[in-house]
1. Please find, in a Gaussian network model of the chain (springs between Cα atoms separated by less than 10 Å), the residue of Leu52, Leu160, Leu140 whose mean-square fluctuation is greatest.
2. May I ask you to order 93-103, 55-65, 69-79 by the average number of other C-beta atoms within 10 Å around their residues, highest value first?
3. Using only Cα atoms and rounding to the nearest 10 degrees, what angle (0 to 90) does helix 90-112 make with the longest principal axis of the chain?
4. Specify the angular offset, from 0 to 90 degrees and rounded to the nearest 10, of the alpha carbon long axis of helix 71-86 from the longest principal axis of the alpha carbons in the chain.
5. Return one number: the angle in degrees, 0 to 90 and rounded to the nearest 10, between the long axis of the Cα atoms of helix 137-160 and the longest principal axis of the Cα atoms of the chain.
6. How much length, in nm to one decimal, is gained on full extension between Ala22 and Ala66, taken as 0.36 nm per residue of separation minus their Cα-Cα distance?
7. Provide the net charge surrounding Pro167, with neighbours chosen by a C-beta distance below 15 Å and charges set as Lys +1, Arg +1, Asp -1, Glu -1.
8. Given labels modelled 7 Å from the Cα in the Cβ direction, how far is it in nm from Ala108 to His34?
Amino acid sequence: MLRRVPRGVRIPVPACAVLVAALWVVAGVRLGDHFPMWWWPVPLVLAWGGVLLGGADLAARRLPDALTLAAYPLVAGLLGIAALGAGTVDLLGRAALGALLWAGGYAAVRWVSPRALGGGDVKLAGSLGALTAATSWPGLLLAVLAAGVLTVTVAVPARLFGCAEVPHGPAMLAAAWLVVLHTPV
């Protein structure tokens, strides 16, 4: 799929399949019987999309618009289904504001320091902000902070070994996925 998008990216399909399967197993074990069925698609779809996006960012140091922009209607649909299942639209309001907060914060950082974040990171932040804020406000804050900590944790030793750039997308995706493994409150 990634090879077909404009300026396609080549990532190993078997590795992606194994990683998605592993994440789905973890989600299945974590979610188990005590999680509502209406929330299950969120971590499963995020795992699949996150592997594609993270792989693209690691392989090509970019997050393709074909995936980051397509995530918005997909996330809206997932959260719409979740809101119907939950019987409340509260999580939709949080999601909309969370998308604006994470993407807006990253857009401000990019405007002040363009080398600090890529445009793909800003576009990805909106959909991840919606997903994490839909779980809770602390979930959004935790995801944003954890993404930064994960990136710095990898960047410091990477720079010591001569790698000047470390993509931020995989850390954002990992942090968001861990947050959505919890039922919205």
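Here, each number is a calculation from the coordinates, and none is a lab measurement. These numbers come from a predicted model, not from an experiment. No Cβ is skipped: glycine too gets one built from the backbone with ideal geometry, and neighbour counts run over all protein chains shown.
1. Leu160
2. 93-103, 55-65, 69-79
3. With rounding to tens, the tilt is 10 degrees.
4. It is inclined by approximately 20 degrees.
5. 20 degrees
6. Using 0.36 nm per residue and subtracting the Cα-Cα distance, I get 13.4 nm.
7. Details: positive: Arg61, Arg62, Arg110, Arg115, Lys123, Arg159; negative: Asp57, Asp121, Glu165.
Result for the local shell: +3.
8. The modelled label-to-label distance comes out at 3.8 nm.
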